[in-house]
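Peer 1: Before I ask anything, let me first share the structure, which is written out below as structure tokens.
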Amino acid sequence: MRLCIIDPIGGIPGLLSSQSTKAQVIAREANFGIRGSIQISDIGTYDKIDSRWEVPHVEITLTASGMTAEYYQVFTLIGGSTNAPKSFNSGAINPTTDTIAVNNHGLINGDLLMIVESPGSTLPTPLMNTVLYQAFNATTNTFQISENGLTPVNLTAAGTGNFWLKYGNGMIGSILTHVSTDGITPVLITLPTGQSRRYEIGLNLDQI
């Protein structure tokens with residue numbers, strides 16, 4: 001189980017909700033935080049009345065990495081990669097071979113991923129920053145991306161500027177929002193680099 005923070009885009013809330021798509025949530029994951037993670041070893045108890053498994057509360061710690069982290073929201077990703085987003089630039093894109101070079105990216109074939117551009121940059125053609133793609137023909141330092149897991153996307157242009165590789169495996173479990181005492185107004189959390197914040201989370205799994 002991973003705990004990740006939502007990028008507030010320069011202090012503007014831009015809040016997500018439980019109705020947001022998985023692609024929207026992953027695309028908004030902040031680029032400067034280490035994903036907090038924990039292995040749930042106790043499946044908990046089964047509630048016969050509500051027909052669900054109730055897992056004991058778990059504590060997950062987030063740590064700011066590289067720079068001060070500011071955020072309004074966190075989200076849980078169950079079964080997702082521990083990898084925080086990785087940066088690369090247009091020089092890593094090879095339209096001739098349809099490959100992307102990111103050292104030690106950690107992807108294996110079939111892994112879900114997103115490519116998101118930094119401000120002022122242009123994505124490689126025809127990629128979109130609203131689509132979850134699959135890793136394809138992955139090696140240690142290169143990969144292709146696929147929409148169907150069967151063929152690579154034909155990259156016709158490398159784009160310009162800088163991009164982020166974001167890891168999309170796992171199931172979105174919940175979105176938590178920091179709000180003021182009125183229960184509505186978002187509160188910005190500032191976490192200096194190297195410092196951590198601990199969250200306690202309860203998880204209920206419905207029996208389907």
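Peer 1: Could you say whether any residue in the stretch 62-74 is assigned by TED's automatic domain parsing to the domain that holds residue 200, closer than 17 Å to residue 164 by Cα and not hydrophobic (A, V, I, L, M, F, W, C)?
Peer 2: Checked against the condition, which is being assigned by TED's automatic domain parsing to the domain that holds residue 200, closer than 17 Å to residue 164 by Cα and not hydrophobic (A, V, I, L, M, F, W, C), the stretch 62-74 yields at least one hit.
Peer 1: So residue 143 passes all but one of these: (1) assigned to a loop (DSSP other than H, G, I, E, B); (2) at pLDDT 95 or above. Which condition number does it fail?
Peer 2: Among (1) assigned to a loop (DSSP other than H, G, I, E, B); (2) at pLDDT 95 or above, the lone unmet condition for residue 143 is (1).
Peer 1: Still on this structure: If a residue has to be surrounded by 13 or more Cβ atoms within 10 Å (Cβ to Cβ) and at pLDDT below 95 to count, how many in the stretch 118-130 make the cut?
Peer 2: Matching residues across the stretch 118-130 total 1.
Peer 1: Against the condition surrounded by 11 or more Cβ atoms within 10 Å (Cβ to Cβ), under 22 Å from residue 186 (Cα atoms) and at pLDDT below 70, how does residue 8 come out, does it pass?
Peer 2: no
Peer 1: Name the one entry in 143, 163 that is closer than 21 Å to residue 80 by Cβ, assigned by TED's automatic domain parsing to the domain that holds residue 105 and out of contact with any Leu (no Cβ under 6 Å at 6 or more places or on another chain).
Peer 2: Answer to the selection: 163.
Peer 1: Give just the number: which of (1) outside the structural domain of residue 22 (by TED's automatic domain parsing); (2) not in a loop (DSSP other than H, G, I, E, B) does residue 138 not satisfy?
Peer 2: Here residue 138 meets the rest and fails (2).
For (1) part of a loop (DSSP other than H, G, I, E, B); (2) modelled with pLDDT of 95 or more; (3) within 25 Å of residue 2 (Cα to Cα), each residue gets a yes or a no:
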| site | (1), (2), (3) |
| --- | --- |
| 155 | yes, yes, no |
| 164 | no, yes, yes |
| 181 | yes, no, no |
| 198 | no, no, yes |
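Peer 1: Okay, moving on. Please list, ordered by residue number, the strands (runs of 3 or more DSSP E) wholly in the stretch 9-110 having 2 or more residues that are within 21 Å of residue 140 (Cα to Cα) and touching a strand residue (DSSP E or B) at 6+ places or on another chain (Cβ under 8 Å).
Peer 2: Output list reads 86-89, 99-101.
Peer 1: Please list, ordered by first then second residue, the pairs with beta carbon atoms under 7 Å, 6 or more apart or interchain, first in the stretch 99-119 and in contact (Cβ under 8 Å) with a residue 12 or more places away in the chain, second of a type outside the set (Lys, Arg) and surrounded by fewer than 13 Cβ atoms within 10 Å (Cβ to Cβ).
Peer 2: Short answer, once both residue conditions are applied: 104/140; 110/149.
The values are calculated or read from the model by the stated rules, or taken from the named source; none is laboratory data. None of these values were measured; they are calculated from a predicted model. Heads up, the Cβs are rebuilt from the backbone with ideal geometry, glycines too, and the neighbour counts pull from every protein chain shown.
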